[in-house]
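S.K.: My structure is below; once you've seen it, I'll send some questions.
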Amino acid sequence: MQPRITQVASGNANGYKMKSNKKFRVGIDNYSLFPLNLSPMETLVWAKDFGAEGVAFSGLQSEFYDNIDNVVLLDLKQFAAENNLYLEWGGAQHIPRDMVSWQKKDISKINQKSAVEAQKLGTRIVRSCSGGLMRWNPENPATEILLHETANALKSQRQMLMDHNVILAIETHFEFTTFELLKIFEYCETEPGEYLGICLDTMNLLTMLENPVFATERILPWIVSTHIKDGGLLFTSEGLKSFVTEIGCGAVEIEKILRRLFSLDREVHLSIEDHGGDFNIPIFNPTFLSRFPDLNTNELASLTRIAYLSQKKVEKGKCEVLDRKKWLKICEDRVKKDIGNLKKMVAP
């Protein structure tokens, strides 16, 4: 049997060459297990027990985050080191606004706290997420305004983040497209590996009307962490809806994305993020669609194909749209399956 990812002798048609001496580490994002209400240490133990090779703590419930201190951080670092688990941290934000009231706020102290904690854990990666779905409501501030404010805020935090030797990894969430994230980096006059990067969420891209493979190529040098997540698109009376599936069961071309990640000259951890739910994308509304000015016909056509493939998979029973309320009952078993499925994709 030919190796799938790790030992391909030559590049593919797009020129992404594989390197035989590199190994992906497959772990989890703790958000996948949120319904279990595990402490950070319990999450690490769960990861170790069920074959994950690390944990990205993108965020914690307040009852745990409020009690994070040096002792907790040292215990996590020591346990991870003793069991050869990677660690990534979170809790950072990049839009300097309250995402409900839209009042301006200072995020520098929030990000400094996360940077200090990450440094004590011995990790460079701090995931940043502010919320999102701004352009779904026309009463919210315009994306262009938030983009400018974000760039200004992050540019002012450059020295602080570099002093703590961390990279603020902005998730491809529901705030900005990859086109817009690249504009932020350009404004901040930074380079890949300096103090800003991207946490690649492979499924969220669909909700932002981006083909996951195309988007990965656009931001490839900036990717420092991941949320590996499968999913699909379905047509509705209003346009499309995106949904999450078990890894390997959806329409996201994860193996193509892995090949691109593998072409990097550094290791990027593969942190699984899984959950239930779906998101409406009212593309039949011209005003809504106009809020994605970088979307071209080629990418839109590719999204239509993903919707077609997703519908076929649903009809054949290979995947389904899962209500978020049902996630509690299945999350543990599904994340275990996700780990196994992803490991098969990266194994020789």
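S.K.: Could you tell me what a quarter of the Cα convex hull surface of the range 117-185 works out to, in nm² with one decimal place?
M.R.: Numbers: hull surface 19.5 nm².
Projected over every direction and averaged, the Cα hull of the range 117-185 covers 4.9 nm².
S.K.: Using alpha-carbon positions, what is the distance between the centroids of the range 263-313 and the range 136-187, in Å?
M.R.: Using only Cα atoms to place each centre, the spacing works out to 20 Å.
S.K.: Sticking with this structure for a sec: Checking the table LYS23/LYS77; LYS183/LYS326; LYS183/LYS344 against a 31 Å threshold on Cα-Cα, which pairs fail?
M.R.: Details: LYS23/LYS77 22 Å; LYS183/LYS326 38 Å; LYS183/LYS344 36 Å.
Violating the 31 Å limit, Cα to Cα: LYS183/LYS326; LYS183/LYS344.
S.K.: Would you work out the charge dipole size for the range 70-156 about its Cα centre, treating the Cβ of every Lys and Arg as +1 and the Cβ of every Asp and Glu as -1, and quote it to the nearest 20 debye?
M.R.: Working: 11 positive and 9 negative charges, 36 e Å.
Computed charge dipole of the range 70-156: roughly 180 debye.
S.K.: Shape of the chain from its Cα gyration tensor (a ≥ b ≥ c, root eigenvalues): rounded if a/c is under 1.5, otherwise prolate when a/b > b/c, or oblate?
M.R.: Values: a/c = 1.32, a/b = 1.06, b/c = 1.25.
Rounded.
S.K.: Residues of the range 152-280: accessible area per residue at 1.4 Å, in Å²? Mind dumping the intermediate values first?
M.R.: Values: 3620 Å² over 129 residues.
With the other protein chains kept in place, the range 152-280 gives 28 Å² per residue.
S.K.: Here's something else I'd like to know. Tell me, what is the percent relative contact order of the range 230-288, built from C-alpha pairs under 8 Å that lie six or more residues apart? Please list the in-between numbers first.
M.R.: Numbers: 75 pairs, mean separation 25.6, N = 59.
For the range 230-288, the relative contact order is 43 percent.
S.K.: What distance in nm separates the simple spin-label points at ASP333 and GLU315, each placed 7 Å from Cα in the Cβ direction?
M.R.: 2.8
S.K.: Shifting gears a bit: Which residue fluctuates most in the GNM of the chain (Cα springs below 10 Å): HIS148, HIS227, HIS275?
M.R.: Per the Cα network of the chain with a 10 Å cutoff, HIS148 tops the list.
S.K.: Give me the percent of the accessible area of the range 41-111 that comes from carbon and sulfur atoms, probe 1.4 Å, all protein chains in place.
M.R.: Values: 1750 of 3510 Å².
Its accessible area is 50 percent carbon and sulfur atoms.
S.K.: Here's something else I'd like to know. Ignoring everything except DSSP H segments at least 4 long, calculate the 222 nm mean residue ellipticity for the chain; use -39,500 (n - 2.57) per segment, divide by total residues, nearest 500.
M.R.: Counting only the DSSP helices, I get -11500 deg cm²/dmol.
S.K.: Now for a separate question. In what order, largest first, do GLU42, GLU210 sit by accessible area if the probe radius is 1.4 Å? Present the calculation step by step, with values, prior to reporting the outcome.
M.R.: On the way: GLU42 95, GLU210 5 Å².
Largest to smallest exposure gives the sequence GLU42, GLU210.
S.K.: Starting from the Cα gyration tensor of the range 105-147, multiply each eigenvalue by 5, take the square root, and state the resulting semi-axes largest first in whole Å. Don't skip to the end; give the middle numbers.
M.R.: Numbers: eigenvalues 173, 24, 11 Å².
Output for the range 105-147: semi-axes of 29, 11, 7 Å.
S.K.: What percent of all Cα-Cα pairs in the range 69-155 falls into each 10 Å bin, going from 0 up to the bin containing the maximum distance?
M.R.: Using 10 Å bins, I get a P(r) of 16, 40, 23, 16, 5, 0 for the range 69-155.
S.K.: Heavy-atom accessible area per residue, the range 32-85, 1.4 Å probe: how many Å²?
M.R.: Values: 2630 Å² over 54 residues.
Per residue, the range 32-85 has an accessible area of 49 Å².
S.K.: Using a Cα-Cα cut-off of under 16 Å, which lysines could be cross-linked to LYS329, ignoring same-chain neighbours fewer than 8 residues away?
M.R.: Qualifying lysines at Cα under 16 Å: LYS337.
S.K.: Could you order ARG97, ARG158 by accessible surface area, starting with the largest, using a probe radius of 1.4 Å? Intermediate results must be reported in sequence, preceding the final value.
M.R.: Numbers: ARG97 35, ARG158 65 Å².
Heavy-atom accessible area, descending, gives ARG158, ARG97.
S.K.: Still on this structure, I have one more. Would the range 167-266 count as rounded, prolate or oblate if I go by the C-alpha gyration tensor, calling it rounded below 1.5 in a/c and otherwise prolate when a/b exceeds b/c, oblate otherwise? Don't skip to the answer; put the middle values down first.
M.R.: Values: a/c = 2.52, a/b = 1.51, b/c = 1.67.
In terms of gyration-tensor shape, oblate.
S.K.: Multiply the residue separation of ASP163 and GLU267 by 0.36 nm, subtract the distance between their alpha-carbon atoms, and state the gained length in nm to one decimal. Provide the component values of the computation, followed by the final result.
M.R.: Working: separation 104, 0.36 × 104 = 37.44 nm, distance 2.26 nm.
Using 0.36 nm per residue and subtracting the Cα-Cα distance, I get 35.2 nm.
S.K.: Right, here's the next one. In the range 135-188, what percent of the accessible surface is made up of carbon and sulfur (1.4 Å probe, ligands and nucleic acids excluded)?
M.R.: On the way: 1160 of 2200 Å².
Accessible surface attributable to carbon and sulfur in the range 135-188 totals 53 percent.
S.K.: Still on this structure, please answer the following. Once the whole set of protein chains is in place, how much accessible area is left on LEU289, using a 1.4 Å probe, in Å² to the nearest 10?
M.R.: Per-residue accessible area (LEU289): approximately 50 Å².
S.K.: How big, in percent, is the set of alpha carbon pairs in the range 265-343 lying more than 16 Å apart?
M.R.: Numbers: 2174 of 3081 pairs.
Summing the P(r) tail past 16 Å for the range 265-343 gives 71 percent.
S.K.: Separate question: Enumerate the calculated ³J(HN,Hα) couplings along the range 183-190 in order (Karplus 6.51 cos²θ - 1.76 cosθ + 1.60, θ = phi - 60°), each rounded to whole Hz, writing x wherever the residue is Gly or Pro.
M.R.: Once rounded to whole Hz, the list reads 5, 4, 4, 5, 5, 6, 6, 10.
The values are calculated or read from the model by the stated rules, or taken from the named source; none is laboratory data. Note that the structure is a prediction, hence the values are computed from the model and not measured. Reconstructed Cβ throughout: ideal geometry from the backbone, glycine too, with neighbour counts over all protein chains shown. Note: areas computed on protein heavy atoms with side chains; ligands, DNA, RNA excluded. Shrake-Rupley method; radii C 1.70, N 1.55, O 1.52, S 1.80 Å.
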